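Comments concern the structure below.
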Amino acid sequence: MPENITSVLIIYTGGTIGMVENSKTGSLEPFNFHHLLDKVPELRQLGFSISTVQFEPPIDSSEIEPDSWIKLVHIIADNYDLFDGFVVLHGTDTMAYTASALSFMLENLNKPVILTGSQLPIGMLRTDGKENLITAIEIAAAKNTNGEPLVPEVCIFFGNHLLRGNRTTKISAESFSAFVSTNYPPLAQAGVHIHYDENQIARTTSKPLRPHYLMNTNIVVLKLFPGISEQTVRSILNIPGLEGVVLETFGSGNAPVKEWFLDLLKEAVDKGIVIVNVSQCMGGSVQMSRYGTGCKLEDAGVVSGYDSTTEAVLTKLMFLFGHRHSAKVVIENMNRSLSGEITLTLHN
């Protein structure tokens, strides 16, 4: 292809956006994304070179696992020098997990990787799929005045907002604005024009892409609730092979201070299990030194997750333990930002 034509690779993993209605049965079926221009002829007007690759068979987002992330990393790494940007079409249910995982697995990323999808299939009259897809491609192809990628990071574009992938959570199964990033501002907003907030976008790097393919799934999410029993907590913290725990606490990182609870946490930490404290609240940050209950968690060896999402902490632990890091090294990395997933300036 001519050097001056911007090229984008679309990777279809599965999900609602790639469905069309079977005229005979009325059921939704995935269509072949190699015929994407037949379904979305508007793409021809963009003036980009667009190629597609799809998972065979397509995967419902509820079936996404670390093996799917590894497959995506392979596809992006293998095609990294051939394309200016990448668009990943993905089901919405686990999109935030995939975006978070890719942000860690694609170290030194210097090109856009934009995840998007839709609430309605692309073949339906009121679909949000076409708009999401077209704008995601435009963002993946966008360059600054120096010819550098405008958004060199993993993002989610949905409902007219471009969000940092590892800051994003799905909040609605029906709204066209299905995702939020409550602790980090949008990187761009799409209206008549796409307005980028370049102060919030990651800087480009001259380092070569370093893809990672190792993930450890011996991680669990423990969500606290009033009345949680000692037996429940003990059973979870004693899962054979457990290495990391995402502890979803109340407010700014608070939890019960019953003796049995703190003892179980300390026993787990002493065994080398890394326990990371994240808030159940949509917005705000963990500040364990703010209240006495949080201080006692800190004394038990629980690590702050700062203003991270559950999805980011979970995939970050999978990533770090996947590389066989010791608990000490994992804790050191949980206390620093690897790809913009936490705002350390709030806590320094």
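When its C-alpha radius of gyration is set against 2.2 N^0.38 Å (N residues), segment 46-106 gives a value of 1.15. Rounded to the nearest whole Hz, the Karplus-based 3J(HN,Hα) values (6.51 cos²θ - 1.76 cosθ + 1.60, θ = phi - 60°) of segment 173-186 follow the sequence 8, 10, 5, 5, 9, 7, 10, 9, 10, 6, 9, 8, x, x, with x at glycine and proline.
Each residue of segment 92-106 was assigned a 3J(HN,Hα) from its phi angle through the Karplus expression (A = 6.51, B = -1.76, C = 1.60, θ = phi - 60°), giving 6, 4, 10, 4, 5, 5, 5, 4, 5, 4, 4, 5, 8, 6, 9 Hz with x at Gly and Pro. Peptide packing: for 38-50, 220-232, 289-301, 78-90, the average count of neighbouring Cβ atoms within 10 Å per residue gives the ranking 78-90, 289-301, 38-50, 220-232, highest mean first. Along each principal axis, taking the top coordinate minus the bottom one, the Cα set of the chain gives 64, 51, 35 Å in descending order.
Got a number for carbon plus sulfur as a percent of segment 204-348's accessible area, 1.4 Å probe? Carbon and sulfur: 52 percent of the exposed surface of segment 204-348.
Over the chain, calculate the relative contact order: mean separation of alpha carbon pairs under 8 Å at least 6 apart, over the residue count, as a percent. Computed value for the chain: 14 percent relative contact order. The packing ranking of peptides 4-15, 320-331, highest mean first, is 4-15, 320-331, where packing means the average number of other beta carbon atoms within 10 angstrom of each residue. Once the Cα atoms are used to define both axes, helix 310-322 deviates from the longest principal axis of the chain by about 80 degrees. Here's how it looks for Ser118: its modeled amide H is under 5 Å from those of Thr16, Ile17, Thr92, which are all 5 or more places away or on a different chain. Listed by chain and number, the lysines whose alpha-carbon sits under 28 Å from that of Lys223, ignoring those within fewer than 8 places in the same chain, are Lys170, Lys258, Lys266, Lys271, Lys296, Lys316, Lys328.
Residues whose amide H lies under 5 Å from that of Gly85, counting only those 5 or more places away or on a different chain, are Ser7, Leu9; hydrogens are built 1.01 Å from N in the peptide plane. Taking H as built 1.01 Å from N, whose amide H comes closer than 5 Å to the amide H of Glu107, not counting residues under 5 places away? Amide H neighbours of Glu107, under 5 Å, 5+ apart: Arg210, His212. When the charge dipole of segment 91-245 is built from unit charges on Cβ atoms (+1 for Lys and Arg, -1 for Asp and Glu) and taken about the Cα centre, the candidate among Gly147, Pro185, Leu209 whose Cα reaches farthest toward its positive end is Leu209.
Taking the C-alpha atoms only, the angle from helix 129-141 to the longest principal axis of the chain is near 90 degrees.
Residue ranges 110-117, 147-154 sort as 110-117, 147-154 when ordered by packing (mean number of other C-beta atoms within 10 Å per residue, highest first). Note on segment 273-334: semi-axes of the ellipsoid equivalent to its C-alpha gyration tensor, largest first and rounded to whole Å, are 21, 15, 7. A simple spin-label model places the labels of Ser51 and Cys281 4.7 nm from each other, with each point 7 Å out along Cα-to-Cβ. Rank Met19, Leu106, Thr92 by how far each Cα sits towards the positive end of the charge dipole of the chain (+1 on Lys, Arg Cβ; -1 on Asp, Glu Cβ) and give me just the farthest. Positive-most Cα among the choices belongs to Leu106.
Computed 3J(HN,Hα) for segment 215-225, one whole-Hz value per residue from the Karplus formula 6.51 cos²θ - 1.76 cosθ + 1.60 where θ = phi - 60°, is 9, 10, 8, 7, 10, 9, 9, 10, 9, 6, 8, glycine and proline marked x. Charges were assigned to the Cβ only: +1 to each Lys and Arg, -1 to each Asp and Glu. The resulting dipole of the chain about its Cα centre is roughly 440 debye.
The values are calculated or read from the model by the stated rules, or taken from the named source; none is laboratory data. The structure presented is a predicted model; accordingly, all values stated were derived computationally and were not measured. Heads up, the Cβs are rebuilt from the backbone with ideal geometry, glycines too, and the neighbour counts pull from every protein chain shown. What goes into the accessible areas is simple: the full protein's heavy atoms, side chains included, and nothing from ligands, DNA or RNA. Shrake-Rupley method; radii C 1.70, N 1.55, O 1.52, S 1.80 Å.
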